[in-house]
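Working notes, beginning with the structure itself.
Coordinate-derived values only; no laboratory data. Just so we're clear, the structure is a prediction, and the values are computed from it rather than from any experiment. Here Cβ is always computed from backbone atoms with ideal geometry, including for glycine, and neighbour counts include all displayed protein chains.
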Amino acid sequence: MNKEQKKAYIADMTNQFENSKAVMVTHYQGLTMPQLDELRSKMREHGIIFKITKNRITKLALEKTKCKDLSNLFTGPTAVAFGEDAIMSARILSKFAKENENLKLIGGIMDDEVLDQAGVQNVANLPTLDEARANIVGILNAPASKLVSILLARSEKMSSLSPENSETQPKE
């Protein structure tokens with residue numbers, strides 16, 4: 001890489017670190033190119049960029065960003081996922097890591113919060129925004145449907161006790 005390419009790489013990485021709400025750092029040693037392509041494809045479906053990094057130059061890019069606390073994670077064969085949705089990034093990487101033991105989640109940043117390996121796993125287990133909304137709607141909807149069924153049952157019981165339906169009406 002010549003000087004101009006390095007400057008362009010640093011500028012691109014600085015921009016990625018600054019503008020991403022979620023940054024997940026992984027070690028990928030032992031993954032084959034088809035496995036990496038498969039992971040990139042899964043990430044791309046959700047608007048996430050998965051990039052293999054050059055550690056020394058990436059550390060230079062990190063110095064000027066909100067992600068500077070991650071610089072100690074950049075040792076060995078490192079790749080980074082940049083995206084807007086930390087939960088989806090962590091979920092895809094976590095699932096892929098379970099299927100491929102050569103991918104290791106080592107940390108990341110969600111908004112401005114630094115995550116260690118356990119933190120990334122916890123984020124992966126959180127419900128997505130759509131799942132959380134569906135849960136809330138279900139919770140709010142349940143009492144209303146129970147109330148309606150109780151009221152309907154009461155009204156059916158009341159109508160069966162009304163004089164028109166009574167078999168023991170006095171004859172005239």
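Listed values, structure above:
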item	result
Within the chain, helix-based [θ] at 222 nm, where runs of 4 or more DSSP H residues each add -39,500 (n - 2.57), nearest 500	-17500 deg cm²/dmol
Where labels lie 7 Å past Cα in the beta-carbon direction, separation of residue 35 and residue 132 in nm	3.3
Amide H within-cut-off set for residue 65, under 5 Å, with H built and near neighbours excluded	none
Sequence ranges 14-21, 111-118, 76-83, ranked by mean other-Cβ count within 10 angstrom, highest first	76-83, 14-21, 111-118
Most mobile listed residue (87, 139, 48) in the chain, GNM with C-alpha springs under 10 Å	139
Local electrostatic count at residue 82 - Lys and Arg +1, Asp and Glu -1, tallied over other residues with Cβ under 14 Å	0
Restraint check, 66/104; 6/98; 3/64, Cα-Cα greater than 29 Å	6/98
Coordinate range along principal axes, alpha carbons of the stretch 1-156, Å, largest first	83, 32, 25
